[in-house]
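Below you will find the structure I want to go over with you.
Only the coordinates and a few stated rules stand behind these numbers; no lab work does. All values derive from a computational prediction rather than experimental measurement. Here the Cβ positions follow ideal geometry from the backbone for every residue, glycine too, while neighbour counts run over all protein chains shown.
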Amino acid sequence: MGRDVSPRRDVLGTGCTHCGLAVPPGRLATEDTLPFCCTGCEAAWGILQAGGLTQYYALPERRALAVERSGRQFEEFDHPAFGELYVESTAAGRCRTELYLEGVHCGSCVWLVERVPLLVAGVARTELDMRRARAQVEWDPAVVHLSEIARTLDGLGYAPHPFRGVSREEARRREDRAALVRIGVAGAIAGNVMLPALALYAGDAAGMERQYEQLFRWVSFGLTIPAMLFPGRVFFTGAWAALRTRTLHMDLPIALALSAGFVRGAINTITDSGPIYFDGVTALIFLLLIGRFLQQRGQRAATDASELLFSLTPDTAHRVTDDGSHIDLPAAALVPGMCVAVRAGEAFPADGVVRRGISRVNAALLTGESRPVPVAPGDQVHAGTFNLTSPLQVEVEAAGATSRVARLLAQVEESARRRAPVVAMADRMSGVFVAVVLMLAVVTFLIWVGDDRTAAWDHAIALLIVTCPCALALATPLAVTSAIGRAARGGIFIKGGDALERLARPGDLLLDKTGTLTEGQMALVEWRVDHDVRSLVLALEHGATHPIADAFRRAWPDVAVGPAEAVEYRVGRGVEGLVDGLPVLVGSPRFVAEALGLDAKTLPTVGDPNLTPVVVAVGGVVVGIAGIGDRVRDDAAAALARLRRAGWRTTMLSGDAPEVAATVGRRLGFPSADIIAGATPEMKRDVVERLLAVQDRSGPVVMVGDGVNDAVAIARADVGIGVRGGAEACLASADVFLGAPGLEPLGRLAVGAERTMRLVRRNIGWAIGYNIIGVTLAMSGVLSPLVAAVMMPASSLTVVLVSWLSHTFDPAPPVPVVPTAADDTLPVAA
């Protein structure tokens with residue numbers, strides 16, 4: 001048991017025993033109790049006392065946050081379906097999983113979480129990655145259930161959630177670790193080989209004693225052997241695979257050059273005659289491994305379709321049993337015919353039909369409709385959309401891979417596979433390069449073999465070394481990686497060079513409306529009142545979860561809010577109550593008119609008929625009206641104008657009603673013919689495919705969106721772009737993600753892509769020109785293998801420096817201060 005170092009009872013009374021925060025008057029210390037700010041802290045303190053972990057309170061840095069227990073039992077963590085998705089078995093017969101923990105704050109959190117094995121019998125270890133807030137847990141399933149471990153973590157204030165993609169993350173970590181080890185070993189060997197090489201070069205110029213020259217040659221030889229056997233082995237493996245499949249691969253001339261340089265250097269070392277090429281061989285291995293690693297990281301796909309599905313739907317569903325009670329189980333265990341309860345604010349775990357309850361649903365994720373949709377018994381709802389206002393009971397019709405969102409994501413995956421012909425074309429081009437290099441090496445040998453066999457070998461090896469595609473292989477990935485890094489610093493995240501290449505030319509730009517051209521959430525767009533009643537409105541809406549209440553709170557974040565009494569919420573109509581003794585009504589015109597006995601036609605109206613009107617009445621008198629809607633982004637008009645001047649053809653796709661889409665389109669300069677309203681995900685996909693089918697089109701087809709309803713079109717397009725705040729599926733299927741707010745990054749993306757392609761062409765031109773000069777010198781007998789070994793890394797270094805120093809993407813501009821809707825008389829600008 002640990003030493004009791006918790007605060008003494010006689011000095012308590014002002015701070016919580018566990019977290020140190022202020023204690024409410026009713027929970028202050030007495031003769032028999034300690035002060036706690038909440039029951040969660042009291043429970044966490046009890047757990048630490050029982051487990052002998054009171055040393056926690058002696059840590060210099062502790063979490064100064066109250067413990068908020070979720071109260072869940074986590075029974076779904078013990079379900080077989082959960083185990084199939086998130087749990088792995090170890091060789092020792094234990095189980096292992098990775099959990100995301102809420103509330104991870106500092107080093108004391110790591111100390112506490114990693115001592116869970118002392119609190120729960122059967123837990124072998126818990127390791128917490130504080131930066132990612134992910135804990136790896138290993139336990140004996142015969143002794144303890146995962147739900148008990150989860151309840152302990154929850155009781156300590158770290159609510160656990162299953163982490164998706166454990167096996168994939170582990171595989172990627174192993175792959176990256178192996179690549180970095182190879183690069184590290186190759187770099188260390190190349191650096192050490194360069195030291196005796198410099199001594200030998202100096203000896204050639206100023207003279208060197210024979211025994212030291214032989215020593216340096218043998219040292220270089222000995223260091224190069226492990227470089228060939230370990231880090232360089234990947235190139236020989238690729239070359240052997242190319243020979244077995246009878247294809248010409250870029251690894252083939254690399255392997256030949258490495259072999260020729262190493263064998264020739266070994267022979268010259270043993271016979272003590274001629275130059276050695278070990279510095280060039282080891283430098284070649286090191287630089288090529290760096291280029292391969294950068295290219296692999298830059299082109300790695302973000303996630304697969306199955307992971308996307310679980311990221312969009314909730315992990316847990318509340319199944320309604322025959323007796324009306326609720327049982328939590330993994331959403332993956334749902335089958336058609338089950339009845340599930342969906343509370344206000346939760347996402348639907350499956351497709352189904354509403355059987356009980358009336359509510360409003362945010363379906364923008366799938367449909368793009370910015371306004372909440374009312375649902376009642378008999379209406380269809382879909383997995384991934386959100387229930388906003390009231391509890392519902394839904395009968396499951398399709399879950400998991402058969403749901404609508406899963407089918408859309410399957411199409412995303414299929415579209416990603418259709419891009420493979422681009423890779424095949426690159427492979428064919430590299431095959432031509434390899435064939436030409438090999439043919440020229442043979443021709444060089446045949447030209448010189450009649451005069452001097454040794455010279456023929458030297459000239460052929462020099463050609464293979466000098467034309468080894470190091471600079472050519474690095475030209476594109478380094479330029480692209482440098483540009484992607486600069487773009488990322490400016491809030492633009494690009495997955496691969498193919499997107500940059502396509503965006504370098506203007507073409508057709510398709511833009512989703514909700515969340516892309518607009519902010520994608522309900523906002524206060526108009527506010528016309530006779531008096532300052534903002535505090536009264538906020539007091540009534542303080543505890544509401546409706547999007548209209550959220551819009552008021554976002555518009556007035558600095559307005560002080562007083563208490564409200566006798567508050568009554570009328571679903572779909574409004575809210576009423578007493579604030580400072582005054583009766584206040586906030587709701588639809590019909591609701592306020594009926595409550596006050598007025599004719600709705602006499603009430604004030606909003607300037608834009610597409611906005612949702614919200615009338616405010618105080619003391620029985622109507623004092624004003626608010627217009628709630630989806631605000632157009634402040635920089636949208638200017639960004640679109642710049643893109644149109646650059647030659648882009650813009651079209652707006654919207655799932656909204658035609659009148660709503662037309663209003664937004666006119667504000668942003670879209671002709672009527674370029675506004676497509678009521679577009680479903682399938683319709684957006686069809687628009688993209690029609691443009692792709694145009695034979696004489698110029699430039700790419702680019703789709704910009706933020707929801708799952710855009711994901712299929714984004715995947716089908718030549719380039720898909722996801723905007724900030726978008727759905728994870730949309731972002732994962734996109735080639736580019738705009739992390740900076742607004743549409744201004746679109747303009748920087750187009751300019752940066754054009755600059756990057758100019759840099760790629762310059763690098764490739766340099767590499768090809770260098771190869772032409774090198775081939776000419778090698779075939780003419782001017783270039784020795786020693787000079788070729790020096791030229792090869794010099795050319796690569798030139799490509800590296802040019803790529804990293806070139807200016808491709810502009811930095812993000814300062815974020816402007818956006819005014820809030822604080823004016824009581826003027827309409828808020830849209």
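Amide H of GLY507 versus every other amide H placed in the peptide plane: which residues, excluding those fewer than 5 positions away on the same chain, fall under 5 Å?
Hits under the 5 Å cutoff: ARG649.
Give me the lysines in straight-line cross-link reach of LYS684: C-alpha distance below 17 Å, same-chain residues under 8 apart excluded.
Straight-distance partners of LYS684: LYS513.
Right, next: Note down the net charge around ALA595, summing +1 for each Lys or Arg and -1 for each Asp or Glu among other residues with Cβ under 12 Å from its Cβ. Mind showing how you got there, number by number?
Working: positive: ARG570, ARG573, ARG590; negative: GLU568, GLU576, GLU594.
Spelling it out: positives minus negatives among the neighbours equals 0.
Hey, with R₀ at 60 Å, roughly what FRET efficiency would THR605 and ILE327 work out to, going by the Cβ-Cβ distance, to 0.05? Kindly include the intermediate steps, with their values, before the conclusion.
On the way: r = 49 Å, r/R0 = 0.82.
Calculated value: 0.75.
Rounded to whole Hz and in sequence order, give me ³J(HN,Hα) for region 223-235 from the Karplus expression 6.51 cos²θ - 1.76 cosθ + 1.60, θ = phi - 60°, writing x for Gly and Pro.
6, 6, 4, x, 5, 6, 7, 9, x, x, 4, 4, 6
Measuring from label point to label point, each 7 Å out along Cα→Cβ, what is the ALA188 to LEU801 span in nm?
2.9 nm
In addition: Determine, from the Cβ-Cβ distance of THR776 and TYR100 and an R0 of 56 Å, the FRET efficiency 1/(1 + (r/R0)^6), rounded to the nearest 0.05. Intermediate values should be presented prior to the final figure.
Numbers: r = 60 Å, r/R0 = 1.06.
Rounded to the nearest 0.05, the efficiency is 0.40.
Between region 596-658 and region 204-228, what is the C-alpha centre distance in whole Å?
A separation of 78 Å, based on Cα centres.
Report the FRET efficiency, 1/(1 + (r/R0)^6), for GLU689 and ARG343, where r is their Cβ-Cβ distance and R0 is 41 Å, rounded to 0.05.
Details: r = 39 Å, r/R0 = 0.96.
Computed FRET efficiency for GLU689 and ARG343 comes out at 0.55.
Enumerate the amide H contacts of LEU329 below 5 Å, restricted to partners 5 or more residues apart or on another chain; note that Pro and chain-start residues carry no placed amide H.
Sorted by chain and number, the residues that satisfy this are ALA317, ARG319.
Run the simple label-point estimate for ARG590 and VAL436 please: 7 Å along Cα→C-beta, distance reported in nm.
Taking the simple label geometry, ARG590 and VAL436 are separated by 7.4 nm.
Distance between Cα centroids, region 517-531 to region 757-772: provide it in whole Å.
53 Å
Subtract the Cα-Cα distance of LEU582 and GLN211 from 0.36 nm times their separation in residues, and report this length gain in nm to one decimal.
Values: separation 371, 0.36 × 371 = 133.56 nm, distance 10.33 nm.
Extending this stretch completely gives an extra 123.2 nm.
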